[in-house]
Structure formats: C-alpha cells, structure tokens
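Structure record follows, encoded as structure tokens.
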Number of protein chains: 2
Amino acid sequence: MAIPRFLIIADGDFAPMTSKTANSVIRYHPERVVGVLDRQHAGQKVQDVLGFGGSIPVLASMAEGLLLKPDTVLIGIAPAGGRLPDEWRVWLADALDAGCDVWNGLHTFLGDDPVLAERARANGRRIYDIRRPPANLPIADGLAGDVDAFVLLTVGTDCNVGKMTSQLQLTRQLNDLGVRTRFVATGQTGIMIEGWGIGVDAVIADFIAGAAEELVLEGAKGADIVMVEGQGSIIHPGYSGVTLGLLHGSCPDAMILCHQATRDFIGDYRRKAWLKIPALSQYVKMYELLGNAVHPTKVISICLNTYDLSDAEARAACASAEKETGLPATDPVRFDAKPILDTIVSARQEWQRRPKAD
Amino acid sequence: MAIPRFLIIADGDFAPMTSKTANSVIRYHPERVVGVLDRQHAGQKVQDVLGFGGSIPVLASMAEGLLLKPDTVLIGIAPAGGRLPDEWRVWLADALDAGCDVWNGLHTFLGDDPVLAERARANGRRIYDIRRPPANLPIADGLAGDVDAFVLLTVGTDCNVGKMTSQLQLTRQLNDLGVRTRFVATGQTGIMIEGWGIGVDAVIADFIAGAAEELVLEGAKGADIVMVEGQGSIIHPGYSGVTLGLLHGSCPDAMILCHQATRDFIGDYRRKAWLKIPALSQYVKMYELLGNAVHPTKVISICLNTYDLSDAEARAACASAEKETGLPATDPVRFDAKPILDTIVSARQEWQRRPKAD
C-alpha cells in the first residue's frame, strides 16, 4: 500500500498512558502522522504532550486538520462510553467529503453507520473497521506449525505490559541484522501500524485459533521470522481464552515472556488487589506446558517494561528476572536488546536443525 | 416455561452417532418429543433407529408431523454444507403457519431469513436462534467465584467425549438425592434440553469468560450446586480458547474430567493421528494449574464414556483410570454413578467449611 498520511483523532484523551493507539502509531510511524486533533492540547506539539513525536502539531478542529492534506483519518482513542460522539460523526463526514479514508478500531463498526457509509460511497473512500472479522475464518488445523519460517509469539503476565512495543522494536532490529522478520498484528493498534491483520479478540470464539493460523500463513510468505503479536495473558480472568487460542493457533516455535516490572496484580479489575501476578517462572511453566501440548515450543527470554523505574532499578529488575527464570531478560525499548536478539537468532538456528517430519 | 411439544427435524442424518442434538433431546426429554422428521427411516420407531426413545414415530413429511400437534419445531442436525436446504425453509414456513415456534442451533440465524422472519411475525410465533449471543455481555469480573452455590465444571480430554451426557445424568441423580442441582447449558444441545443458556463458542472472543460468569450467576439462584456444561478441551488446537475462557469465567470449585476410553487422538483433524491424547494425569495437572490461577479448584473424579466397550473392558478402563490418576472413575451412564456422586457431595462439604473472605 502507499504510505498513508494520518490525521489522528484523540480529542479529550490525548496523554502518555491513555491514548494507546494514537501513541503507538506516532511512536512507530511519526513520518506518517500530519497532525493530532485534540482541543485540550491544541497549539502544542506532540512532543510536549507525549515526550516523543517531535513537531507534529496538535489541532483544534477537523477543518485545521484537513488543511494539512491527510489522506486517512485514524481514530486514536476510545471515546468515553464506547459510542461515537455526534460531533465526531460530523468530523468524519467532513473528512470523507475531503477525500480521506477512515480507519477505526472501535468495537462499533462505522461502515454500518448509514450516514458515514453513504458519504464514503459517494466520495469513493473506504471506511476500514479494523476489528471487523474477515468472513469465512477456518477452524485451526495446525497448519501454522508447518510454515517454513520461525514463528515467535510474545506472551504476557497481563494485558498492556508492552508485548507489542517490544516486538516492534525487535522486528526492526532483526531486519537491520538482515533477518527478514515480519510482524503480524492481532490487535487494533498493531493493525493500524502495519495496515493489515486480524483483531483476534473480536472474532467468534470458535475461530480465535483459526484467525491466528491464517495470520501466520500469510505472514510467513517471504519471511525468515514471523513475529506474532501476543494478546492478554493465560491467566487473565477475562481474556485468557483469546491468549490460549492465539497460542494454539499460531504454533510458535519460541515465545518471549513480557512483563511490566512494577506490576503486582492483574490490572483491569474492580478489586484492584484481586489476582496477584505469580512468579515469572510459573508463567514459563504454564505457557510451555500448554503450548507444547500442540506444537514444540519454549520460552527463550524475558522482555521487561521498566518505564516507571530509574536506570538502576530497571537494571536490578532485569537481573532479578534473569535469576528467577534462568533466561536472559532486558527492557528492549530502554536498553540494548542484544541479549534478546541473541536468544532469537540461536533458537532459530536450533529450529533449522530440527528433525523434519515427512 | 410451558413444557414444549417438539417435532424434531433430522432428515437424512438420523443415526446413533451423528444426530447429536436430536438424540440428546430424545434421551433426556422423550416425553417432549412428538415425532422426528426423517424420510430415510420414516415409518419406524425412534427406538429402532437409536436404541432408545421408545415409540416416538419417525415421519416422512412436515404435514404428517403437524398432525401430531407439536408446538415447536426443533432442528436436530446440521444439514450437509451448513446451509439451510430450500426444502427445510418450506417446512419451517409451514410449521410457523401452523402455529409452531422454531428452535435452531445452527450457526446460520433463521431469524435473519426474511421469509421465515415475516412468517413468524405474521403468526405471532418465535424463532429462537440458540447460538445468537445475548447483547451486552460483560468482560468477566470474577463474580462467579463469589456465588453461594458450589460450582462444578466438566472438563474434557477432547470434544464430544460425553461431558454433557455425564452431567445431565449426575444432575438428575443429585436432585433425586435432594441436592438442588442446576445444569447450565453452554452449547446448543444443552440449551435445547434446558430451554435457556448461552452458546459460549458463538460469542465474540473477548466475552467467553463473561458469558460463563453470567450463566453461573443466573444458575446459582436457588441452587445448591451449579453444574456448568463443559466445552472442548484445554489442548484442542481449534477450540482451547473457549475451554479456558469457560474455566476462568465460571470459577468452578471442582472439576470432573471426562474422557472417551478408546480415543487415542484428538478428533476433528484431517491428519487423524496428529495429536495424541496425553495421560489423564497430565490433563488433571493442566486444568488444575490454569484453574487455580484464578479460583481455588481441583479435579475430583473421572467420567469415562465406554459406549464402544464390553462390560469387562469398560470396568478395566475405569480401574486403569483410577490407578493412573488416584481419583474415582466410572461411566455414570453405564454403571452406578455413586463413586462420582460421593466425590461431589464430599467436595461440596469441604467447600462449605472453607475459610471465607470478608
């Protein structure tokens, strides 16, 4: 596809820890972002709000945004209450009239909005509802285990611990080393960054693993390594089904365990201190036990997210994770990712020497 | 609800091992079934075809069936190819005109068929699409762990090993013992037998556990024991996500492991001998490890499905399962279920004595 020119809507919720989709697109593709619509921070630069993103302007209105000639308006936050505000509908209609496509990762499909659908049709533009599952997904059939690329899956202690961020970092560095590595997106933010993928949390339950299988088959074309975006956690009380379906459907040859170093309890819960996060070695055991039941796999290293620690604390957290699990651990966004890259390269070499079935 | 009078459509596929939905409804509620429409066996009794079901007649046409005054036409098989044959559409329209409701467990929703929907409306009848997920399911929140009833979940080595059949048997016998036990259905056949439930394999992936939680909260009302219908297997490559979501959303206090004694490989696969079924003790380990991560639970006994074994072979299979796992094992459909019932009663007593959180 042509490189898009995004205008991101993050009105009312543009901030370091909240606007995850907007922030990730800006972090990985700042060159694609012409501006961010947020009346609260209008007039500032993205750098001032997020601490990265450079001189991308924050704008007060769609009219201002359209002056910057975007070709795609991307919805970068979930509006409060989950429903599309009437005001946003007007903005999106104006953007479609100005010749923009719309990329939407909300659970509410904008292609089903009669007004917006008609504007898109009349202007020959596309509304891309990222979470809409493709038709005719298969029941998983183990095909991902047979691809001619090394399949790597990130697995987590919880949601929102940095699985995607770690992977995008590692993908870039592996490609820099000459290893053809393809990131396959399984969630809305990853899809917005890559331009394709399937939101596996939005498919019908029977097809989670089938969706993962399709993604691996597609991602393996011409790749040495397929980097599958992990989701949730195998013990997350709400989302573990998605995590296990993804594990069994993608048939990873190796896994990288991701954790946010200062997190003690599974997030997302009313009772904040309900479920204590067990030891990392316990996760290694669970992911390996369940993963190996379908396809030979192992956890090869640990990615820690240490964003809220000092350098010294972050190094101590990595050392402690290494000691507890016996596996190399680092924060690949903050420190040199080489210890993790080395485990990937050597696990792939071992995989290449595996005895092959007929 | 009033007791329904079912006319079951099983045309072309009415047989002991294929028409699972039809057969289960007949097995558990023969008094509700006025007839079965199947041109292949028309003129016979259900007993002659299935080996149970007594004198329920098999009929050659919808007209014959309607003479028996059903109030509900129930689709008891999946038609070849998954799509509704045109002929069936005519039958269903005639049944709606004759004042019947329609219960449908196919993935294709008949309420969305314009012709049938219009006939239902005109006649004031209901089309119950069993697999259509309810709106506004929650993300699971651990609430099922707090209900004032003992929650029991069946878990399996594979799909279609007898989880539901075992549970319906145990539910009946527990109620006979005076323990108020409520079966909550999580799949289409169970829903047709109970008249309510949620097909957890048909909900959006993020809501599997939330659907299980809702079912337990509803099932616990006025019950001593909630018997949650299990689905799939924790290592089934296609459906494991549903199984784990159900485990974490329902927060069972105990589990019963179900297995078909002669099955060596996970079914459903192209490559028949792809995934060997591991030892039962390995399943006990996996279900307990993953289950306990969210709510205290344990496997208390083993239900074996021995339908294709001689009595002597079946007894040997039960003895061998007991020896391997250290847990009581029997076929509760074939033999006295007392060993299993005893484990349920005593596990519930132990649960009643548990230390309670404030």
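The values are calculated or read from the model by the stated rules, or taken from the named source; none is laboratory data. It should be emphasised that the depicted structure is a prediction, and the values quoted were computed from it without experimental measurement. A quick note on method: Cβ atoms are made from the backbone with ideal geometry, for glycine too, and the neighbour counts reach across all protein chains shown.
Structural remarks
- Entry remark, segment A:319-344: residues being of a type outside the set (Ser, Thr, Tyr), touching a residue at least 24 places away in the same chain (Cβ under 8 Å) and either assigned by TED's automatic domain parsing to the domain that holds A:Met17 or buried (at least 16 other Cβ atoms within 10 Å of the Cβ) (or both) number 13 in total.
- Selection status of A:Leu84, part of a strand (DSSP E or B), touching a residue at least 12 places away in the same chain (Cβ under 8 Å), within 21 Å of A:Arg131 (Cβ to Cβ) and among the hydrophobic types (A, V, I, L, M, F, W, C): no
- Restricting attention to segment A:322-343, the residues that are of a type in the set (A, V, I, L, M, F, W, C) and assigned to a helix (DSSP H, G or I) add up to 2.
- Scanning segment B:125-161 for residues that are among the hydrophobic types (A, V, I, L, M, F, W, C), in a strand (DSSP E or B) and more than 28 Å from B:Tyr269 (Cβ to Cβ) gives B:Ile127, B:Phe150, B:Val151, B:Leu152.
- Single residue of segment B:15-50 satisfying the filter (at pLDDT 95 or above and assigned to a loop (DSSP other than H, G, I, E, B)) that is nearest to B:Thr189 (Cα to Cα): B:Asp38
- Odd one out for B:Ala98 among (1) modelled with pLDDT of 95 or more; (2) of a type in the set (A, V, I, L, M, F, W, C); (3) buried (at least 20 other Cβ atoms within 10 Å of the Cβ): (3)
This table checks each residue for (1) away from chain A (no Cβ under 14 Å); (2) out of contact with any Gly (no Cβ under 9 Å at 6 or more places or on another chain).
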position: B:Asn175; (1), (2): yes, yes
position: B:Val179; (1), (2): yes, yes
position: B:Val184; (1), (2): yes, no
position: B:Thr189; (1), (2): yes, no
position: B:Val203; (1), (2): no, no
position: B:Ala211; (1), (2): no, no
position: B:Glu214; (1), (2): no, no
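- Criterion violated by B:Pro134 - all others in (1) exposed (fewer than 15 other Cβ atoms within 10 Å of the Cβ); (2) modelled with pLDDT of 95 or more satisfied: (2)
- Of all the listed residues (A:Pro79, A:Pro85), the sole one being closer than 19 Å to A:Ala202 by Cβ and touching a Pro at 6+ places or on another chain (Cβ under 6 Å) is A:Pro79.
- Only one of the listed residues (A:Val179, A:Val147, A:Val203, A:Val155) is out of contact with any Ser or Thr (no Cβ under 8 Å at 6 or more places or on another chain), crowded, with 24+ Cβ neighbours inside 10 Å and of a type in the set (A, V, I, L, M). That residue is A:Val203.
- Odd one out for A:Val161 among (1) in the same structural domain as A:Asn292 (by TED's automatic domain parsing); (2) hydrophobic (A, V, I, L, M, F, W, C); (3) under 30 Å from A:Thr18 (Cα atoms); (4) modelled with pLDDT of 95 or more: (4)
- Residues satisfying the criterion are absent from segment A:139-159 (criterion: out of contact with any helix residue (DSSP H, G or I) (no Cβ under 9 Å at 6 or more places or on another chain), of a type in the set (Val, Ile, Thr) and in contact (Cβ under 8 Å) with a residue 60 or more places away in the chain).
- A:Cys251 vs. criteria crowded, with 24+ Cβ neighbours inside 10 Å, touching a Lys or Arg at 6+ places or on another chain (Cβ under 8 Å) and of a type in the set (A, V, I, L, M, F, W, C): no
- Selected residue [in a helix (DSSP H, G or I) and closer than 22 Å to B:Ile234 by Cα] from B:Met164, B:Met192: B:Met164
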